[in-house]
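For reference, the structure is listed below as C-alpha cells.
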Amino acid sequence: MAEHPAYPVGLRLTGRRVVVLGGGQVAQRRLPALIAAGADVHLVSPGATPSVEAMADAGEITWHRRPYAEGDLAAAWYALIATSDSEANTRASAEAEAHRVWCVRSDDADAATAWTPATGSSEGVTVAVLTTEARDRDPRRTAAIRDAVVEGLRDGTLVAPHHRTRTPGVALVGGGPGDPDLITVRGRRLLAEADVVIADRLGPRDLLAELPPHVEVIDAAKIPYGRFMAQEAINNALVEHARRGKSVVRLKGGDPYVFGRGMEELHALAEAGIPCTVVPGISSSISVPGAAGIPVTHRGVAHEFTVVSGHVAPDDARSLVDWPSLAKLTGTLVVLMGVDKIGRIAETLVAHGKSPDTPVALVQEGTTAAQRRVDATLATVAETVVAQEVKPPAVIVIGEVVGVGRNGTA
C-alpha cells in the first residue's frame with residue numbers, strides 16, 4: 001500500500017461520529033478542525049490538556065474519561081489515534097480496520113489507513129497538501145507548501161481568476177498605521193482584487209505600487225470637490241464607481257471607524273443601495289505607541305487607556321472631548337491628530353490637575369522607515385514640538401507608560 005500515493009478526498013463529517021483516542025497535544029491541534037466540520041466528536045482518554053478539557057466543558061466534544069476499550073470505534077466514521085500507549089494504538093488500529101473506519105495514527109503513519117494533510121483556508125477555499133511518496137513524507141515540507149499557497153491566495157500574490165461574475169460593491173478597508181505589512185490579510189486580498197482604489201494620504205501607500213496596471217487608483221485628497229464638502233465628494237466617488245459595476249476599495253489609514261469617517265461612507269453607500277464590506281484595521285492609537293516601545297497599558301502602571309481626537313483645541317466650541325475629566329484619569333491618554341494643538345491640550349490638562357511632569361511621547365510616522373520618537377513632559381511639550389519640528393502624522397502618548405519601555409519600569 002505504501003508504494004501508491006494517497007487518494008485525496010474531502011470528508012463531510014457533519015453529525016457523524018468521530019472518535020479521537022488520546023487527549024494530548026496531537027488531539028489539541030486536530031480537534032478544532034473536526035469541531036468546525038460539525039463532527040460528533042467523542043474523545044476517549046483518561047486525561048487531557050487544559051485546552052482539550054475546555055472544549056469538553058464547552059460541550060464541543062464528548063469526553064469519555066477512560067482508556068481505549070474494544071468497541072469504541074464500532075460506530076465511527078473516522079478515527080484519530082493519538083495515545084502514548086503503542087499497544088493500545090495497535091489494537092485500536094486493528095479494530096478500525098475490521099470495521100472499515102478510516103483511521104489516522106500519530107505514532108505510525110505507515111500503519112494508518114488515512115493521513116492528515118497540511119491544511120489551510122482562504123475565503124472559502126481549503127488547501128490540503130499531501131506528499132505522494134511515503135519515503136518523502138516530510139511534514140515540514142508539506143506545511144511550507146501549504147503556507148506558501150495560502151499566503152499567496154490571501155495577499156493576492158497568487159491570483160486565482162474569478163470565473164463567475166463578482167458582485168459590484170465597496171470595501172472599506174483599514175490599512176493600518178503605515179507599514180504595508182500591517183494591513184490585514186483580508187484587506188490585502190480585497191485590494192488585490194479591486195478595480196478601483198480610493199486611497200487616503202495616511203493609508204499604506206507602498207501597497208499601491210503592487211496593484212496591477214488596470215487598477216484605477218484615486219487619491220482621495222485630490223478628488224475635485226466642486227460645490228461639495230470633501231467627504232461628500234468622496235462618498236459620491238464611491239457610489240459612482242460602484243454603480244459602474246466596479247469592485248471598489250476605499251483604503252483608509254488605521255481603522256475605518258477610528259476617526260476615519262467610515263460610518264459616514266457606509267451610510268452614503270447604504271442610501272444608494274450599494275453593498276459594503278467593512279474590514280477592520282490596526283489602529284495607530286495602539287500600534288504606533290507599541291512600535292515605539294510604549295505599552296498603552298502596563299501592570300501596576302496603567303489599567304486603562306483613552307483615545308481622543310486633538311483636531312480641535314480644548315477651548316474650541318466644536319470640541320466634544322471632556323478634557324477636565326481626562327485630566328483626572330490615572331491611565332494613558334492617546335491623542336490623535338493633535339500635533340498643532342498639543343500646547344493648548346497640555347495647558348488644559350495641567351489646569352485641571354494633571355502634573356506638569358507627566359511624561360509625553362510624540363511618535364511621528366509610526367511603523368514606517370521614517371519613524372521617530374520625541375519625548376517631553378506636559379510642561380515642555382509645546383516648545384519641544386517646535387524645537388524638534390515634529391510634524392503630522394504623529395501619535396501623542398501622555399502618561400507614566402511613556403517611561404516603561406525605555407527604563408523597564410515606570
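Data for the structure
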read-out: Rounded if a/c under 1.5, otherwise prolate or oblate - the stretch 169-279, Cα gyration tensor axes; value: rounded
read-out: Förster radius 35 Å - calculated FRET efficiency between GLN388 and ILE145 (Cβ-Cβ, nearest 0.05); value: 0.10
read-out: Residues ARG344, ARG12, ARG373, sorted so that the one with the fewest Cβ neighbours within 10 Å comes first; value: ARG12, ARG344, ARG373
read-out: Angle in degrees between helix 139-155 and the longest Cα principal axis of the chain, rounded to the nearest 10; value: 40
read-out: Paramagnetic reach from ARG318 in the stretch 248-270 [backbone N under 19 Å; point 7 Å along Cα→Cβ]; value: 258-265
read-out: Over the chain - Rg/Rh using Cα atoms and the Kirkwood inverse-distance radius; value: 1.10
read-out: Placed amide H near ARG261: partners under 5 Å, 5+ positions off or other chain; value: none
read-out: Rounded to 10°, Cα long-axis angle of helix 25-36 versus longest principal axis of the chain; value: 80
read-out: Whole-Å distance, taken between Cα centres, linking the stretch 31-65 and the stretch 276-306; value: 35
read-out: Rounded if a/c under 1.5, otherwise prolate or oblate - the stretch 1-46, Cα gyration tensor axes; value: oblate
read-out: Solution diffusion estimate, µm²/s, Stokes-Einstein, the stretch 275-363, Kirkwood Rh from C-alpha pairs, 4 °C, viscosity 1.567 mPa s; value: 91
read-out: Residue of LEU266, LEU21, LEU130 that the Gaussian network model of the chain assigns the largest fluctuation, springs spanning Cα pairs under 10 Å; value: LEU21
read-out: Sequence-distant lysines (8 or more away, or on other chains) whose Cα lies within less than 30 Å of LYS328; value: LYS341, LYS354, LYS391
read-out: Listed residues ALA268, ALA54, ALA221, most fluctuating in the chain (Gaussian network, C-alpha, under 10 Å); value: ALA54
read-out: Highest to lowest packing among 187-196, 111-120, scored as the average C-beta count within 10 Å; value: 187-196, 111-120
read-out: Sum of -39500 (n - 2.57) over DSSP H runs of 4+, divided by residues of the chain (222 nm, nearest 500); value: -8500 deg cm²/dmol
read-out: Positive minus negative residues near ALA369 (Lys, Arg vs Asp, Glu; Cβ under 15 Å); value: -1
read-out: Value of Rg to Rh for the stretch 1-136 (Rh from inverse mean 1/r over Cα pairs, i.e. Kirkwood); value: 0.95
read-out: Nearest-ten-degree value, helix 230-243 long axis tilted from longest Cα axis of the chain; value: 30
read-out: The stretch 285-407 - share of DSSP beta bridges that are antiparallel (%, nearest 5); value: 75
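A short reminder: the numbers here are calculations on the coordinates, not readings from a lab. Keep in mind the model is a prediction, meaning the values are calculated, not measured. Counting neighbours? That spans all protein chains shown, and the Cβs are built from the backbone with ideal geometry, glycine included.
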